[in-house]
1. Does Val179 qualify as being in a helix (DSSP H, G or I), β-branched (Val, Ile, Thr), in contact (Cβ under 8 Å) with a residue 24 or more places away in the chain and surrounded by fewer than 18 Cβ atoms within 10 Å (Cβ to Cβ)?
2. Do we have Lys135 as more than 19 Å from the chain's Cα centre (by Cα) and not assigned by TED's automatic domain parsing to the domain that holds Ser75 here?
3. Which of the numbered conditions does Val109 fail, given that it passes all the others? Conditions: (1) touching a helix residue (DSSP H, G or I) at 6+ places or on another chain (Cβ under 8 Å); (2) within 16 Å of Pro168 (Cβ to Cβ); (3) of a type outside the set (Gly, Ala, Ser).
4. Restricting the search to the range 83-94, which residues are over 8 Å from Trp56 (Cβ atoms) and either over 15 Å from the mean Cα position of the chain (by Cα) or among the β-branched types (Val, Ile, Thr) (or both)?
5. Please go through the range 53-75 and pick out each residue that is within 13 Å of the chain's Cα centre (by Cα) and in a helix (DSSP H, G or I).
6. Check Ser152, Ser134 and return the single one that is part of a helix (DSSP H, G or I) and touching an Asp or Glu at 6+ places or on another chain (Cβ under 9 Å).
7. So how many residues does the range 82-111 have that are closer than 14 Å to Phe65 by Cα and either free of Cβ contacts under 8 Å to residues at least 24 places away in the same chain or part of a helix (DSSP H, G or I) (or both)?
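The values are calculated or read from the model by the stated rules, or taken from the named source; none is laboratory data. Computed from a predicted structure; not experimentally measured. Glycine also receives a Cβ, built like all others from the backbone with ideal geometry; neighbour counts cover every protein chain displayed.
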Amino acid sequence: MRKQFLFLLSAFLLTASLHAQSSKAKPKAAPSKPKLVAKKTTSGTKQYAATTAAGWSTEEKTVFFNACIKELNWSKDSSTRYCNCMLAKIEKLYPSAKESENLTQEKAVELAKACLASEVGSSNWGAKERTEFSKQCEAVATKNVGADKAKSYCDCMLVKIEKEFPNPADVSQMKQETVAKWAEECNKQ
């Protein structure tokens, strides 16, 4: 759950970071429609090449992408796919980085859920999903409850999440009340 929460929080934080950076950028001529050129990487994932003719400059795309990757702490391929997904969705909605300042938290969460669902896929929990969840959860939990308690807390949360959501893609449907209840139960262990 913390993993999903962090994904969604990352989406909002990343757009805020981009807004701060774009407000420092030099004014440009009227932007043309964005042109994203998808190209396959060696791992088979699509990566969007920046085009300077688009409303989003190469620098703005790079700032967004790098901030996204830095926030996630996932495997390189997973981070790349997720951040490319978020960038593509935001660029589609907002032809320029300046216009993306209108992105609301609710819309950022909606976009993040869509990217998360496509990233997690439709398979059952595997070793990769468990490891990624544990890594992300423990990184946050260590700050809140200390390293000793973090592992047991995250193990507890993972058991509860897997039991309720056998398909990792369904985690995006989890209610905050459920998360709070489980967190309280796992903190008592």
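1. yes
2. So Lys135 fails the test.
3. The one condition Val109 does not meet is (2).
4. Matches in the range 83-94: Ile90, Lys92, Leu93, Tyr94.
5. Phe64, Phe65, Asn66, Ala67, Cys68, Ile69, Lys70, Glu71, Leu72
6. Ser134
7. Qualifying residue count for the region: 10.
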